[in-house]
1. Of all residues being part of a loop (DSSP other than H, G, I, E, B) and more than 32 Å from the chain's Cα centre (by Cα) in the range 197-212, which is nearest to Glu232 (Cα to Cα)? Just the residue, please.
2. Would you be able to tell me the number of residues in the range 265-296 that are without any contact (Cβ under 8 Å) to a residue 40 or more places away in the chain and either within 23 Å of Pro221 (Cβ to Cβ) or in contact with a Gly (Cβ under 6 Å, 6 or more places away or on another chain) (or both)?
3. Kindly list, by first and then second residue, each pair from a residue in the range 240-262 that is hydroxyl-bearing (Ser, Thr, Tyr) to a residue that is assigned to a strand (DSSP E or B), limited to pairs with Cβ atoms under 8 Å and residues at least 6 apart or on different chains.
4. Look through Arg41, Arg4 and report the one residue that is among the charged types (D, E, K, R), in contact with a Pro (Cβ under 7 Å, 6 or more places away or on another chain) and in contact (Cβ under 8 Å) with a residue 24 or more places away in the chain.
5. Just need a number here: residues in the range 213-233 that are assigned to a loop (DSSP other than H, G, I, E, B) and either touching a residue at least 60 places away in the same chain (Cβ under 8 Å) or over 18 Å from Val268 (Cα atoms) (or both).
6. Which ones in the range 234-254 are in a helix (DSSP H, G or I) and small (Gly, Ala, Ser)?
7. From (1) over 30 Å from Ile98 (Cα atoms); (2) assigned to a helix (DSSP H, G or I), pick out the condition that doesn't hold for Val329.
Amino acid sequence: MNLRDQLDSPLFTHFIANYTHPTGPDLLARTEAFFQWQESRRQTGLWPYSRSLEGAPTAECGVRSEGGVARHGVNFGSQDYLSLSTHPAVVEAAHRAIRDYGVHSGGSGMFGGNTTPGLQLEQALGEHLEMPYVALFATGWGAGFGAIAGLVRPEDHVVLDALSHASLQQGATAATQKVSRVPHLSNRAMRRKLQELRANDTANGILVVTEGLFSMDSDIPRIEELQNLCHEFGATLLVDVAHDLGALGPRGTGSLGAQGLLGKVDLVVGSFSKTFSSNGGFVATRSPAVRQFVRVMGGPHIFSNAILPVQAAVALESLRIVRSEEGEVLRTKAMENILALRAAFAEGGVKCLGEPSNVVPVPVGDPKVARVAGKLVFERGVFPNMVEYPAVRIRESRFRMQVMSSHSVEQMKLGAEVVLRAVAEAREFVEAPQQSPLRAARVESGKRVEV
């Protein structure tokens, strides 16, 4: 297929959002249109999702596309911010847990699924966050969804930052129809919304939802100001710290620690999948009553098997390292890489979004350019995540490059160089295809990729 001839076809102009509301009486058959569109992207190398690693999520590794194409190169797609998934002490903790507890939790947290590593993890997290009552969930998604669905009732209100994670958004809509979204990071808009809600309803609850670090833009809210607004209007603040806890802040306490707010916000939810080398999530509170209520009323806790003992043991050992001097060394190394990557893009004329964090968003803009560039960087052995609508606005496509402490500065420079060149070539292909040098672009493997 000649991609030049397809620039105005659904291959380039459609998004997942075009297929989210299929119609017709046959629930199964009506998925076919989405599959055909997805398959056309897969077969042309324009589907950058559902890839698989051929080893541990290390800085350099083998990656296989969903279409079966394998490449080896620099990994900017994995969430292992302090590179703890292969840390000897973490691996040994996993071995011990499997030996002592087996590989299964055996039940939900309400029916015998709790294990000693999980209880120890709850206690350690409570100390780290200065919020002594912690409930574990099998996934980070379950923690965010379950905290909101567990606490909020149909008469209550939820006010979310417009860019809040999907687990928080869906938890809110599952709990109540009274859901509002305010412009991203606008505390002024939040004040107006809370003022409006309280002027019309003094009898029901209001939950305000934000994140410690927004992963699509790498930016951080003014959390103390939000908490003060909640106090003023009788609302409750929930902060999702999935991306910042462990990786940023003093002793890995994330944005809460950096802003001097440990133990001072109403609710904290988070995930172990970014820094703590494991699946699972948690809700932390200063109230034993809230902990018990969320455990029983938050569906994912009571109706899912508990976090596995090996997962809890891995997260617990990772937390120990996060809080240690070694953790500080790893965060320093990761930040060195982060700053080097952002500087390399700046030298190439591209300003990365947000603040320095393990998530480095590289703006591309045109989704057609992003799709072609995504194909090229994969062929050239650099593996970031390409993000497009509806995860971001239509003309705000970007690469989300995730930086680990095990990366090197040289890999940062290489990654930026490959991405910058691919975006420039893709833009020329899309905007002036008759002059495109991409007809037979040579990749490092010596093979040629037809676009």
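The values are calculated or read from the model by the stated rules, or taken from the named source; none is laboratory data. Here the structure is a predicted model, which is why all the values come from computation and not from measurement. Because the Cβ atoms are built from the backbone with ideal geometry, glycine has one as well, and the counts that use them run over all protein chains shown.
1. Here is the first cut: in the range 197-212, the ones part of a loop (DSSP other than H, G, I, E, B) are 201-205, 212.
So of that shortlist, the ones also more than 32 Å from the chain's Cα centre (by Cα) come out as 201-203.
Working: Asp201: 15, Thr202: 13, Ala203: 15 Å.
So, considering only residues that are part of a loop (DSSP other than H, G, I, E, B) and more than 32 Å from the chain's Cα centre (by Cα), the one nearest to Glu232 (Cα to Cα) is Thr202.
2. Matching residues across the range 265-296 total 1.
3. These pairs meet every condition: Ser255/Val239.
4. Details: Arg41 fails: in contact with a Pro (Cβ under 7 Å, 6 or more places away or on another chain).
After ruling out the rest, the residue left standing is Arg4.
5. Matching residues across the range 213-233 total 7.
6. Matches in the range 234-254: Gly252, Gly254.
7. In the conditions (1) over 30 Å from Ile98 (Cα atoms); (2) assigned to a helix (DSSP H, G or I), Val329 misses (1) alone.
Matching residues to (1) among the aromatic types (Phe, Trp, Tyr); (2) more than 18 Å from Gly212 (Cβ to Cβ); (3) assigned to a strand (DSSP E or B); (4) without any contact (Cβ under 8 Å) to a residue 40 or more places away in the chain:
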| residue | (1), (2), (3), (4) |
| --- | --- |
| Ala89 | no, yes, no, no |
| Ala93 | no, yes, no, no |
| Pro117 | no, yes, no, no |
| Gly126 | no, no, no, no |
| Val134 | no, no, yes, no |
| Gly144 | no, no, no, no |
| Met190 | no, no, no, yes |
